[in-house]
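Read-outs: derived from the displayed coordinates by stated rules, not from any lab. If you're wondering where the values come from, they're calculated on a predicted model, not measured in any experiment.
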Amino acid sequence: PAGEIRKGLSRHLEGVLAESGERGARSKTITVLCRMWCEDGSIVDPLRHEAIHLRQEVQARDHVWLHTGLAIATYPFFLSAMETLGRLLRLQGDVSLQEATRRICERWGDRERVVRSARHVIQSVRDWCLLDAGPRKGVYVAPKPRQQPSTELAVWLIRAVLFGARRDVAPLDEILQSPALFPFDLSITPHQLRQ
């Protein structure tokens, strides 16, 4: 039903995003969403399946946990950009679009596509209310971290970070301190994780 999902998303986004030319904003957005949420036979499929189940279990305001986790698991670039934002926020308390883009380009190459993709990630993170406007134009601060709605969702997000980093295991403290998780307040113990 990926074709049906694409058609439904196209109808839903019709008045929101323009579709000019063969690959307009709407088509690109639909492609990104389908890569995140639709099964494709990849190693991320079990995580997607769990996300669909969890989406029905958590309140709508907490769906951003799932969306962010799937973006991290599906797109290594998204994980890298989130880590960059998180590091800069920890170091200085705010982050400018220009500085974040420069740091991302240092890692991924200073090409127009990287610059554009970095801006798209930052725009998405802002749209998801995971960054707030800062004291000056083009500068952002982190809002208060979102409280963990359930242990199950926290474990799922930890797994999403592992998937995104293409790792099977990592120390729990390392994952909990990941700068990519700056929008979320994870409080989980090793005992809870083992269960």
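For the reader, a short list of remarks on this structure follows.
- Relative contact order for the chain, counting Cα pairs under 8 Å that sit 6 or more residues apart, in percent: 22
- Shape index of the chain: Rg/Rh, with Rg the Cα radius of gyration and Rh the Kirkwood radius from the inverse mean 1/r over Cα pairs, equals 0.96.
- Pairwise Cα distances in the stretch 58-129 exceed 16 Å for 48 percent of all pairs.
- Over the stretch 134-195, the pair-distance histogram of Cα-Cα distances with 10 Å bins from zero comes to 19, 48, 21, 10, 1 percent, rounded to whole numbers.
- For the stretch 96-144, the C-alpha radius of gyration sits at 1.14 times the compact-globule guess of 2.2 N^0.38 Å, with N the residue count.
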